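Below is one structure, written out as structure tokens, with a few remarks after it.
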Ligand SMILES: Cc1cc2nc3c(=O)[nH]c(=O)nc-3n(C[C@H](O)[C@H](O)[C@H](O)COP(=O)(O)OP(=O)(O)OC[C@H]3O[C@@H](n4cnc5c(N)ncnc54)[C@H](O)[C@@H]3O)c2cc1C
């Protein structure tokens, strides 16, 4: 990683009116953790996104696209590069029309998942109700194939549009090219999802609303209170990460301000005074303890982001 001083980034921030230097990342995440991004910008349209991505590339600084920050843990030392968010045009949600039995809705990657579900309810379109209450954006949900109550966003994605800074190109990928897995989309790191087209089913708004309310109720009963990023680990085949963590006696286990939730053992909560390092160390400790006891290797579901904006494997 090439380290540059604050003056370099301050100068760079002068090159584009959208750029800010030294932006706190913690308020942009649900964990409320992480240091500063050397640079930050919110792009409202493709031209702005291209300009910023190409500037980062020309300067050889890493860039990281952030949605709602509800699945992300940054480093306490921050991000040695550019944190990008999508606003403006990228928050649009529109109906494209019918395709066979499905009605196609296009959602910008910067739109909130809650906004998408609200539009689907108002239009009387079913298929996403199980995701009610999942925080974050459409882009983040597509990247991680967010799922709940037996529904995953990827199940409904017909096409996805993305911008690839390497090659400066915009592409639409149809369903046949998209590899959605369990909480994962096989993806080119650095490429930015711009929008997704979803195939939804006609229904009545009150039916859609009732299903969403049921999903929300279930979530309220199960979700721990406090600052977190939801489930820490993916469920291993045939088992539940929370069950394994609980069986290892780690419910309530604390490291500084980070604690394994008493309510749901697969959630780590920032009590308000944790550091990102404490959460990371607790993630590693839980993983090690479960592995030692049961020889099961838990895989993090949350995105642990390095200082260079890469994801820990
Ligand atoms: C209380 C709580 C409950 C939760 N419950 C669930 C649940 O039931 N099911 C579930 O699946 N998840 C759940 N989560 C996790 C999280 O909300 C989801 O994974 C969500 O979809 C993440 O979206 P985001 O916009 O916040 O992503 P972020 O955290 O901002 O980003 C996650 C990843 O996506 C990438 N990304 C974001 N936008 C783009 C884009 N436009 N292009 C390319 N890459 C992008 C980021 O670079 C990062 O790697 C929960 C989290 C919390 C805090």
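The values are calculated or read from the model by the stated rules, or taken from the named source; none is laboratory data. Keep in mind that this is a model prediction, so the values were computed, not measured. So basically every Cβ, Gly included, is an ideal-geometry build from the backbone, and we count neighbours across all protein chains shown.
Within region 20-36, track down each residue that is buried (at least 18 other Cβ atoms within 10 Å of the Cβ), closer than 30 Å to residue 171 by Cβ and away from the ligand (no atom under 13 Å from the Cβ).
Correct list: 23 only.
Just to be sure I understand, how many residues within region 37-52 are within 12 Å of the ligand (Cβ to nearest atom) and over 15 Å from residue 87 (Cβ atoms)?
Counting residues in region 37-52 that are within 12 Å of the ligand (Cβ to nearest atom) and over 15 Å from residue 87 (Cβ atoms) gives 0.
Could you list all residues from region 267-284 that are part of a helix (DSSP H, G or I) and touching a strand residue (DSSP E or B) at 6+ places or on another chain (Cβ under 7 Å)?
The answer is 276, 278, 279, 280, 281, 282, 283.
Do you know which residues across region 118-143 are within 9 Å of the ligand (Cβ to nearest atom) and not in a helix (DSSP H, G or I)?
133, 134, 135, 136, 137
Only one of these is under 18 Å from residue 307 (Cα atoms) and outside any strand (DSSP E or B): 33, 49, 12. Name it.
After applying the criteria, what remains is 33.
Regarding residue 160, is this residue touching a helix residue (DSSP H, G or I) at 6+ places or on another chain (Cβ under 7 Å), assigned to a helix (DSSP H, G or I), surrounded by 19 or more Cβ atoms within 10 Å (Cβ to Cβ) and at pLDDT 95 or above?
Considered against the rule, which asks whether it is touching a helix residue (DSSP H, G or I) at 6+ places or on another chain (Cβ under 7 Å), assigned to a helix (DSSP H, G or I), surrounded by 19 or more Cβ atoms within 10 Å (Cβ to Cβ) and at pLDDT 95 or above, residue 160 comes out as no.
Do we find a residue being touching a helix residue (DSSP H, G or I) at 6+ places or on another chain (Cβ under 6 Å), surrounded by fewer than 18 Cβ atoms within 10 Å (Cβ to Cβ) and at positive phi anywhere in region 131-143?
No: zero hits.
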